[in-house]
Amino acid sequence: MGIKDLVLDPGSRTLKETHQNLVYIRRASLKKKLRPYGYPIITFPAEETTDDMMETVHAAVYTIKYGGIVVLRDLSPEKAYALYVLRQNIYTDPQRPMQVEQGFYPINGADENSPVLITTNFSLTYFIVSSEVEGSKVRPGSASSTPTGSRR
C-alpha cells in the first residue's frame, strides 16, 4: 500500500505475553527475514498495571527486549532516571567501563580557595559526586565551603 512509517503493536497487555510477542516479532524479522516485522514496536506498560513501580519494571523489560516505543502513564523523575540510565547502558562494553577524561572540573564557580574533591574517573562516580556538589550550592569563599568554615 506504500505506507512506510509504521509502528507495530504486539496486541498483548500482560508482561509475559508482551515479552513473548516482542521476542517473536524481532526474531521473525531477523532470523526468518520477514520484513513486515522490521518496524518499531510500541508497548503499553501503563495499560498492564496500576502500580507505578511495576509500570517502571515493565518499561525496563521492554527497553531491554525490543520495545522501540514505551508508553507510560507519566514520567516522574524517578522513572525517567532509571529508564534513561538503563537505556544508556544497554550497549556498553563491560570490559571497558565508561570513563570521564582525567582533569580538573570546577563546579559552582570554584576558584583557587575552593575545596578540592577527588574521585575516580569512572563516569558514574564522577556524575554522582558532581551532581551532589552542584546541588549543595556551595560557593567559593563562603563560610560553608568546609565543614569547619576554615581552610586546612
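Summary table below
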quantity: Considering residues of region 110-124 that are of a type outside the set (A, V, I, L, M) and over 11 Å from Gln99 (Cβ atoms) only, the residue least open to solvent (accessible area, probe 1.4 Å); calculated: Ser114
quantity: Residue within region 93-103 that is small (Gly, Ala, Ser) and within 21 Å of the chain's Cα centre (by Cα) present; calculated: no
quantity: Qualifying helices (runs of 4 or more DSSP H) (wholly inside region 1-119; at least 1 residues being within 19 Å of Ser130 (Cβ to Cβ) and in contact with a Pro (Cβ under 9 Å, 6 or more places away or on another chain)); calculated: none
quantity: Counted residues, region 14-42 - those being modelled with pLDDT of 95 or more and charged (D, E, K, R); calculated: 2
quantity: Selected residue (only one of Glu78, Glu47 is within 30 Å of Phe122 (Cα to Cα) and acidic (Asp, Glu)); calculated: Glu78
quantity: Output for region 1-57, where each listed residue is touching a helix residue (DSSP H, G or I) at 6+ places or on another chain (Cβ under 8 Å), closer than 16 Å to Ile69 by Cα and loosely packed, with under 13 Cβ neighbours inside 10 Å; calculated: Gly11
quantity: Residue list for region 72-92, filter: more than 9 Å from the chain's Cα centre (by Cα), within 18 Å of His19 (Cβ to Cβ) and either surrounded by 15 or more Cβ atoms within 10 Å (Cβ to Cβ) or of a type in the set (Ser, Thr, Tyr) (or both); calculated: Leu72
quantity: Count - residues of region 100-109 that are touching a residue at least 12 places away in the same chain (Cβ under 8 Å) and exposed (fewer than 12 other Cβ atoms within 10 Å of the Cβ); calculated: 3
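The values are calculated or read from the model by the stated rules, or taken from the named source; none is laboratory data. These figures come from a predicted structure and were not determined experimentally. Here Cβ is always computed from backbone atoms with ideal geometry, including for glycine, and neighbour counts include all displayed protein chains. The area values use the complete protein model at the heavy-atom level, side chains included, leaving out ligands, DNA and RNA. Shrake-Rupley method; radii C 1.70, N 1.55, O 1.52, S 1.80 Å.
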